[in-house]
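The values are calculated or read from the model by the stated rules, or taken from the named source; none is laboratory data. From a predicted model like this one, the values you see are computed outputs, not experimental measurements. With ideal geometry, Cβ positions are generated from the backbone for all residues, glycine too; neighbour counts draw on all protein chains shown.
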Amino acid sequence: MSDTASIPVEELSEEQAKAELQRLAVEIAHHDALYYREDYPEISDADYDALRQRNAAIEQAFPNLVREDSPSVKVGAAPQEAFGKVTHAIAMLSLDNEFSDEGVADFVAKVRRFLRYDPLHGALAVTAEPKIDGLSLSLRYENGRLVTAAMRGDGTTGENVTRNAETIDDIPKRLPDGVPEVVEIRGEVYMAHTDFAALNERMIGNGGKPFSNPRNATAGSLRQLKPEITASRPLRYFAYAWGEMSSFPADTQMGMIEAFAGWGFVTNPLMKRCESVQELLAVYHDIEEGRAELGYDIDGVVYKVDRLDLQERLGYVSRSPRWAIAHKFPAEKAFTIVRDIETQVGRTGALTPVAKLELVTVGGVVVSNATLHNEDYVKGIGQDGEPIRGGKDIRVGDTVQIQRAGDVIPQVLDVDLTKRPADAQAFMFPTRCPACGSHAVREENPKTGRLDAIRRCTGGLICSAQAKEKLKHFVSRNAFDIEGLSDKQVEFFYEIPLEEGGIHQPADIFTLQQCDAKSLVKLKNRDGWGETSAKNLFAAIDACRQIDLNRFIYALGIRHVGEGNAKLLARAYGSWEAFSNAMREAENHASGAWADLNNIDGIGEILAEAVVQFFAEEHNRQAAAALLAEVTPIDMEAPAADGSPVAGKTVVFTGSLERLSRDEAKAMAERLGAKVAGSVSKKTDLVVAGPGAGSKLKKAEDLGVDVITENVWFELVGE
Ligand code: IVH
């Protein structure tokens, strides 16, 4: 430390102040560079803020000494929220995965069935192309100019990285004359192996830390606050899909990609158009064989129905298209040693055994944990005393083979018994919760008499582990997605008493700033925090005070309610008020509300019961009320289906349909804004009945619901 650094500001002479301002300018610039350039800060936010505060205080005392390169005048130096968000004009979806040849055959068969595409229609063309292991990026061009580049984010909104994308050579800044007015190109940013190796060498040479794989290097490079740094990173881009287009240059997938190549985009040379499952699999195996020589990472092959009119008819199921699938390469495997077995407690109290592993690299990623699923799996024996499928007797000290497939948590595949230490003890699964000490039990299924595979903590509200996991779920990406509240921070805030600015239940997040204002210990003064980071967190929380109803429902963490089901519920009820009132009514299984809930297509009885049970609990209602005092769920409107005569209507299809498969009829109705129900009730607006319709038709007639034929349905919707 320089000798001026410890002198209080009010005691500095002018000479010393000058020296100190120079020192601070250099030091702050050094930390900025580490923070922004290398994603690798050396000091805490609090220490960083202290440097800036000292700089500001000296400048206030000696205004004539403010330097041209002072951190207080340099723009963009403070670690503020990094990037703005862009709402994608059309959601960026993901792909369903298949791992086997049979799975691919099933995919093609399902597509044919959905479309009723029988052999008379001839071959069904499907393209095959490598699945690039990078980051997807959507490029929006208006009148031929690149206007925004956005990362996928949660699929609906993603980070705006336009300035950085502009530095990537493969991304045209201007498109040739004559392209449609609005063009949204989607593709993958990635880093070639040679470029990755050279970059890492450079990072190590500069005293930095190397990236663990090209994908991480791509992410670290694209999410740079300074475009000059992105520019110095060797990023590349393949165009393989599109979002909004004001017009289409072709009517097939292949034709679209050829048009993109004509506009100056790099497209993958291995893309092929196939006419049979055999051809698709041949392309898959060729690509897999050539994988090591490609020069960049791929993790499978993507198949897409070629004709765009068929793609449109096939549409989407929740987050993935029915017209495409990813055929993933087999998971990577490796051997390692189990150092310990821990039991983790999930948000619903489920106890999961987790193997703590000797670190091992599998497919470029360092793996330290693998799930052991449940008690029977670790024992390798089921409740009936028989060995269970896939289950292994896994002990601490064992050498195990693990596999990692995509983003899923690594699994233990096998135990090498020849290497088992003589003293290895079988794992004793706890019968009490390791977090709160409550009994942990396996519930009996009243129907089958069998014990649930999962042992659950009965601690409920008193269990800190469940509470923390619920909070982590609440702030997670597809729920409230609060920037700056990571799992680590949830743990941090949970340990702080409520009145001192702790977070113990979701509503506390939204009163955090108020509590902090009253608390003697301020967040900005806590270890690892500073003025800027505290301010950023409060701003990120405030930005989440309005939230889509489906995300709100998902965030509550009701058992069995994943993202897809939350959407179904939000769509069915439209508003929180309608939803919560209906769930209270549905406690009575003889009520119309219970029937309506079960009637929502895709909602089964177990889920219906779980939702009703959630609302039946006083403490859940209280927690929701506390939350609703702070946040507003945004009503979910029926999907905009301009001019559709069936928008918002509840439709039931019954009997056999002649022109459409049942699945396509349902998808079509939903695309037009209708809700499709499985049975007829007073709430049904329309029944489309084909030959052979029975009890549903009768019920519709009894209730006076409109009944039409399939042909009239087509006339009605004008398709
Ligand atoms: S098509 C509607 N084609 O894989 C689906 N995706 O798991 C549009 N990806 O988010 C995607 N290579 O980031 C498509 N040739 C390819 C791809 C590809 C990589 C990524 C993409 C997507 C993810 C889905």
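The table below lists the values:
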quantity	calculated
The lone exception for residue 77 - which of (1) buried (at least 18 other Cβ atoms within 10 Å of the Cβ); (2) modelled with pLDDT under 75; (3) closer than 30 Å to residue 244 by Cβ it fails	(3)
Near pairs, Cβ below 6 angstrom, 6+ apart or cross-chain, from segment 276-292 (under 12 Å from residue 129 (Cα atoms)) to any residue that is aromatic (Phe, Trp, Tyr) and at pLDDT 95 or above	280/303
Leading residue by the ranking (farthest from the ligand (Cβ to nearest atom)) among those in segment 181-192 that are of a type outside the set (A, V, I, L, M) and crowded, with 16+ Cβ neighbours inside 10 Å	184
Meets criteria (farther than 30 Å from residue 117 by Cα, in contact (Cβ under 8 Å) with a residue 60 or more places away in the chain and part of a strand (DSSP E or B)) for residue 330	no
Any hit, segment 315-327, residues being surrounded by fewer than 16 Cβ atoms within 10 Å (Cβ to Cβ), within 16 Å of the ligand (Cβ to nearest atom), of a type outside the set (Ser, Thr, Tyr) and under 18 Å from residue 98 (Cα atoms)	yes
Matching option when the condition is buried (at least 17 other Cβ atoms within 10 Å of the Cβ) and in a strand (DSSP E or B), among 378, 367	367
Unmet requirement for residue 494, which otherwise passes all of (1) modelled with pLDDT of 95 or more; (2) buried (at least 19 other Cβ atoms within 10 Å of the Cβ)	(2)
Some residue of segment 626-638 being of a type in the set (D, E, K, R), closer than 25 Å to residue 700 by Cβ and modelled with pLDDT under 95	no
Test: residue in segment 700-719 that is without any contact (Cβ under 8 Å) to a residue 40 or more places away in the chain and under 36 Å from the mean Cα position of the chain (by Cα)	no
Unmet criterion (only one of (1) at negative phi; (2) surrounded by fewer than 17 Cβ atoms within 10 Å (Cβ to Cβ); (3) within 13 Å of the ligand (Cβ to nearest atom)) for residue 340	(3)
Test: residue 615 is under 21 Å from residue 545 (Cβ atoms), aromatic (Phe, Trp, Tyr) and modelled with pLDDT of 95 or more	no
Helices (runs of 4 or more DSSP H) completely within segment 216-312 that count 3 or more residues being away from the ligand (no atom under 14 Å from the Cβ), among the charged types (D, E, K, R) and over 20 Å from residue 112 (Cβ atoms)	277-289
When residues of segment 136-154 are limited to those that are part of a loop (DSSP other than H, G, I, E, B) and surrounded by 15 or more Cβ atoms within 10 Å (Cβ to Cβ), the one farthest from the ligand (Cβ to nearest atom)	144
Odd one out for residue 209 among (1) part of a loop (DSSP other than H, G, I, E, B); (2) within 16 Å of the ligand (Cβ to nearest atom)	(2)
Extreme residue, surrounded by the fewest Cβ atoms within 10 Å (Cβ to Cβ), among residues of segment 3-27 that are of a type in the set (S, T, N, Q) and outside any helix (DSSP H, G or I)	6
Top-ranked residue in segment 99-135 [being surrounded by fewer than 19 Cβ atoms within 10 Å (Cβ to Cβ) and charged (D, E, K, R); ranked as nearest to the ligand (Cβ to nearest atom)]	110
Neighbours by Cβ (under 6 Å, 6+ apart or cross-chain): first from segment 390-415, modelled with pLDDT under 80; second assigned to a loop (DSSP other than H, G, I, E, B)	391/380; 405/331
Boolean, residue 188 is at pLDDT 90 or above, outside any helix (DSSP H, G or I), of a type in the set (Asp, Glu) and out of contact with any Lys or Arg (no Cβ under 7 Å at 6 or more places or on another chain)	yes
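Quick grid of which residues meet (1) farther than 21 Å from residue 348 by Cβ; (2) more than 29 Å from the chain's Cα centre (by Cα):
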| site | (1), (2) |
| --- | --- |
| 370 | yes, no |
| 409 | no, no |
| 415 | yes, yes |
| 420 | yes, yes |
| 431 | no, yes |
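For every residue, the table says whether it meets (1) over 29 Å from the mean Cα position of the chain (by Cα); (2) surrounded by fewer than 17 Cβ atoms within 10 Å (Cβ to Cβ); (3) touching a residue at least 24 places away in the same chain (Cβ under 8 Å).
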residue	(1), (2), (3)
221	no, no, yes
225	no, no, yes
229	no, no, yes
235	no, no, yes
244	no, yes, yes
247	yes, yes, yes
259	yes, no, no
271	no, no, yes
274	yes, no, yes
